[in-house]
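What follows is a single structure, written as structure tokens, with notes after it.
The values are calculated or read from the model by the stated rules, or taken from the named source; none is laboratory data. Note that the structure is predicted; figures quoted are calculated from it, not measured. Cβ sites come from the backbone with ideal geometry, for glycine too, and all protein chains shown count toward neighbours. When the accessible area is computed, the model is the full protein with side chains, heavy atoms only, and any ligands, DNA or RNA have been set aside. Shrake-Rupley method; radii C 1.70, N 1.55, O 1.52, S 1.80 Å.
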Amino acid sequence: MSASRYVTAETTDSIATVTIDRQDRLNALNPEVIDEIEAAFASLREDDGLRAVVLTGAGDKAFVAGADIGELAKMTPRTGTAVSERGQAVLRSIETFPRPVVAAVGGYALGGGCELALACHLRVASDRAQFGLPEVGLGILPGYGGTLRLARLVGLGRALEIVLTGDMVGAERAFDIGLANLVVPHEEFRERARAFAGRIGRKAPVAVEMALRSVYAALDCPAGTAMQFEAASFGLLAATEDMREGMAAFLEKRAPKFQGR
Ligand code: COA
């Protein structure tokens, strides 16, 4: 358990749950919350036994209803760039986290909150979830990497519609367009997100990490380089005890016991 004002991290059965709790502001991201999210993930990086992370917002109403508009209202052009770069860097630290990160979205995931969910590797949505990027209605744009990540995830036309109209997208449509991986009854969304993370957590940890890296590397580099990276990762995994264990378990018709090495 980490001690901080707005963000807690608790690990059970090798799965951490990181909770953003600032409910009087629908868990909106002020600079302190951003710092605490970064610190929580930095501390989880040190945990070798960790298998997956679930990121969620406290309460029933919101995952995160955006960056704190009271804070944003003070921006100047110079500080605005810094605010965007800071948010981008912290969300990037989630995207590059070496274990799978699953967003458990139980309500509003708007603006920076939607971008935070997009920086996670997977999203489990309650049937009450509402995603959206309302920034253009405030005279700004999604500045935490959301323009890029949304278009990659749901395609250009849908991303442009969501970014330019600012309209909210309900859970069902979010699932239809690939924004949510799973939609579940509201009462179960955290538990189901943990179960989803746990399913991945039971796979070979180094293979999961390298698969994550390979998929993301392919987004950012030429195809030939991405293929080389994939092949090199494939070769490296052949050196792991977990590869031998996974294949032996299959051949012996038993469940594998992965050690993460
Ligand atoms: N920043 C700062 N405060 C926020 C916030 C945000 N992004 N989102 C919600 N809050 C605050 C509200 O101002 C309100 O504070 P108050 O109790 O002092 O009035 C409190 O959280 C509860 O929100 P409220 O608006 O009363 O809830 P609601 O159910 O009527 O509406 C939303 C919910 C999400 C539709 C509405 O809060 C909203 O539109 N929020 C802003 C979303 C947004 O534009 N985010 C992108 C920011 S870049």
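Assorted remarks:
- Accessible area (Å², 1.4 Å probe, nearest 10) - Leu141: 110
- Between 0 and 90°, nearest 10: helix 223-237 axis offset from the chain longest Cα axis: 50
- In terms of its alpha-carbon gyration tensor, the stretch 205-251 comes out prolate; a/c meets the 1.5 threshold, and the first ratio a/b outweighs b/c.
- Solvent exposure of His121, expressed as accessible area, is near 20 Å², computed with a probe of 1.4 Å over the protein chains only.
- Cα centroid separation - the stretch 158-202 against the stretch 30-64, whole Å: 18
- Percent accessible area from carbon and sulfur atoms, the chain, protein chains only, probe 1.4 Å: 57
- Per-residue ellipticity at 222 nm computed for the chain from its helices equals -15000 deg cm²/dmol, with DSSP H segments shorter than 4 residues left out and the rest contributing -39,500 (n - 2.57).
- Fraction of alpha-carbon pairs over 26 Å apart in the chain - percent: 42
- Length gained when the stretch Glu161-Ala231 is fully extended (0.36 nm per residue, less Cα-Cα span): 21.5 nm
- Within the stretch 194-247, trypsin sites (Lys or Arg not before Pro) in DSSP loop having at most 15 other beta-carbon neighbours inside 10 Å: Arg202
- Computed over the stretch 40-172, the alpha-carbon pair-distance distribution with 10 angstrom bins reads 13, 43, 35, 9, 1, each value a whole percent.
- Residues of the chain: accessible area per residue with a 1.4 Å probe, Å²: 50
- In sequence order, the stretch 54-69 has phi-based couplings of 10, 10, 9, x, 6, x, 9, 9, 9, 6, 8, 8, x, 5, 6, 5 Hz under the Karplus curve 6.51 cos²θ - 1.76 cosθ + 1.60, θ = phi - 60°, and Gly or Pro positions carry x.
- Each label was represented as a point 7 Å from its Cα along the Cα-to-Cβ direction; for Arg86 and Glu10 these points are 2.9 nm apart.
- Three-way shape call for the stretch 148-246 based on the alpha-carbon gyration tensor, with the a/c threshold at 1.5: oblate
- Taking every DSSP beta bridge that has both ends in the stretch 7-201, the antiparallel portion is near 25%.
- Each residue was assigned an accessible area with a 1.4 Å probe, and for Phe175 the value is about 100 Å².
- Principal-axis tilt of helix 205-220 within the chain, Cα atoms, nearest 10 degrees: 50
- Near-label residues of the stretch 1-41 by backbone N, under 17 Å of a point 7 Å along Cα→Cβ of Glu95: 38
- Local electrostatic count, Ser233, Cβ distance below 12 Å [Lys/Arg +1, Asp/Glu -1]: -1
- Helix 241-251 and the long axis of the chain differ in direction by around 70°, with both axes built from C-alpha atoms.
- One decimal place: the segment Asn30-Glu241 gains 71.6 nm when fully extended, by the rule 0.36 nm per residue minus the C-alpha distance.
- Excluding the site residues themselves, the longest part of the chain lacking any GluC sites (Glu not before Pro) in a DSSP loop with at most 15 other Cβ atoms within 10 Å is 47-251.
- Counting only lysines at least 8 places from Lys203 when in the same chain, those with an alpha carbon closer than 21 Å to its own are Lys253, Lys257.
- Averaging the sequence gap over all C-alpha pairs within less than 8 Å and six or more residues apart, then dividing by the number of residues, gives the chain a relative contact order of 16 percent.
- Label zone (Gln259, point 7 Å along Cα-to-C-beta; backbone nitrogen cut-off 14 Å) within the stretch 220-248: 239-246.
- Net charge of Cβ neighbours under 14 Å - reference Ala129; Lys, Arg +1; Asp, Glu -1: 0
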